[in-house]
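Here's the structure we're looking at; comments come further down.
Throughout, read-outs are computed from the coordinates displayed, never taken from laboratory work. If you're wondering where the values come from, they're calculated on a predicted model, not measured in any experiment. Here the Cβ is made from the backbone with ideal geometry for all residues, glycine too, and neighbour counts use every protein chain on show.
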Amino acid sequence: MAGRPGKLTSNLSYLCWLHGKGECEKDLDKVFGLWALASGCCQEAIPVDYSSTYEEVLGKLLAHDVAAHGIPAENAGDLDAFKRQLFGRYGP
Ligand SMILES: [Zn+2]
């Protein structure tokens, strides 16, 4: 994948990992607050929907990472580890 100059985008999960360690915001706000900065593929796969639960959104994010961003499939079943990885000890 060639980088396109001018626009900086990243995996949504990577953005969560970078910025998700704060303790003040709601969990869904952490994810959706970073959503606008994420790559288009992530925005399509994880639509902003505040009627979803945190578990549902993180499940979609993990599935998308496996499908589109080369996360090893053996990690796909371990949502708790994924959450800890992204949000550290402040995750639920
Ligand atoms: Zn993506």
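Ile71 satisfies every condition listed in (1) more than 13 Å from the chain's Cα centre (by Cα); (2) within 15 Å of Asn11 (Cβ to Cβ) except (1). Among the residues of segment 69-76, are any of a type outside the set (A, V, I, L, M), in a loop (DSSP other than H, G, I, E, B) and touching a residue at least 12 places away in the same chain (Cβ under 8 Å)? Looking through segment 69-76, at least one residue is of a type outside the set (A, V, I, L, M), in a loop (DSSP other than H, G, I, E, B) and touching a residue at least 12 places away in the same chain (Cβ under 8 Å). Considering segment 24-68, the residues that are basic (Lys, Arg) and away from the ligand (no atom under 15 Å from the Cβ) include one that is nearest to the chain's Cα centre (by Cα), namely Lys30.
Scanning segment 70-88 for residues that are surrounded by 11 or more Cβ atoms within 10 Å (Cβ to Cβ) and more than 17 Å from Lys60 (Cβ to Cβ) yields Arg84, Gly88.
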